[in-house]
Amino acid sequence: MYKKKLKPILSLMIVSLGIFICCRYGQYILVWQVNPKIHANGIKLMMPASKVRNLIGEEDEYIQGFGGYILSYPSKGLRLTLLNDEDTDFYHKVSEISISSPEYTLFDITIDEDFKKVLNNIHKHGFKREKPGYPGYWKGNAYIIIDTDSDKIKGITIGMKDSVSSSRTY
């Protein structure tokens, strides 16, 4: 008798726990999926600013913004955006990586690659143009923005729109 009542209750608890984990940690799960596809001097999303500086040195330019700041390395073809909002999962961590050097790849995309080939590649990885009012291609809160010149890629940005900061106006 108890076994018949116990199975549905356990099933409901497992499903509820799964939903809670996906909602609370979905951002971390997505970063965990995206980071292995980022090859930019060892820089990854959610990497702390201190570790970035240990890896590639002091930035060429520090740009303060609303809700965050940019560490710019034009000599290395890198530009990193970090948030300084304490309530976010990205507090003093990389939330966006922009590359402009052919020595780096994002999802096996390199600078000067053909735009149509790149588009097929990002669609294959689940990124779609679906967020009205936002540029780029999206997979959940992760996005890729492609900067083109004619039909060739001249810059690629990958980032994560933090679920807390995206609901705020700075």
Which of the residues spanning the stretch 70-97 are more than 12 Å from ILE56 (Cβ to Cβ), surrounded by fewer than 20 Cβ atoms within 10 Å (Cβ to Cβ) and among the charged types (D, E, K, R)?
ASP85, GLU86, ASP87, ASP89
Scanning the stretch 84-105 residue by residue, the ones that are in contact with a His (Cβ under 8 Å, 6 or more places away or on another chain) and at pLDDT 90 or above total 2
Considering only residues that are β-branched (Val, Ile, Thr) and surrounded by 17 or more Cβ atoms within 10 Å (Cβ to Cβ), look in the stretch 106-115 and name the one that is modelled with the highest pLDDT.
ILE111
Return only the number of the condition from (1) buried (at least 16 other Cβ atoms within 10 Å of the Cβ); (2) within 21 Å of ASN141 (Cα to Cα); (3) of a type outside the set (A, V, I, L, M, F, W, C) that GLU59 does not satisfy.
(2)
Closer than 23 Å to ILE144 by Cα, of a type in the set (A, V, I, L, M, F, W, C) and either in contact with a helix residue (DSSP H, G or I) (Cβ under 7 Å, 6 or more places away or on another chain) or surrounded by 14 or more Cβ atoms within 10 Å (Cβ to Cβ) (or both) - does that describe any residue in the stretch 18-31?
yes
LYS139 fails exactly one of the following numbered conditions: (1) within 22 Å of LYS44 (Cβ to Cβ); (2) at pLDDT below 85; (3) surrounded by fewer than 20 Cβ atoms within 10 Å (Cβ to Cβ). What is the number of that condition?
(2)
Looking at (1) over 18 Å from PRO36 (Cα atoms); (2) in contact with a Gly (Cβ under 9 Å, 6 or more places away or on another chain), which is the only condition LYS116 fails?
(2)
Which numbered condition TYR170 fails, given (1) more than 18 Å from LYS44 (Cα to Cα); (2) in contact with a Pro (Cβ under 8 Å, 6 or more places away or on another chain); (3) at pLDDT below 90
(2)
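The values are calculated or read from the model by the stated rules, or taken from the named source; none is laboratory data. Just so it is clear, the model here is predicted, and its values are computed rather than measured. Cβ: placed from backbone, ideal geometry, glycine included. Neighbour counts: every protein chain shown.
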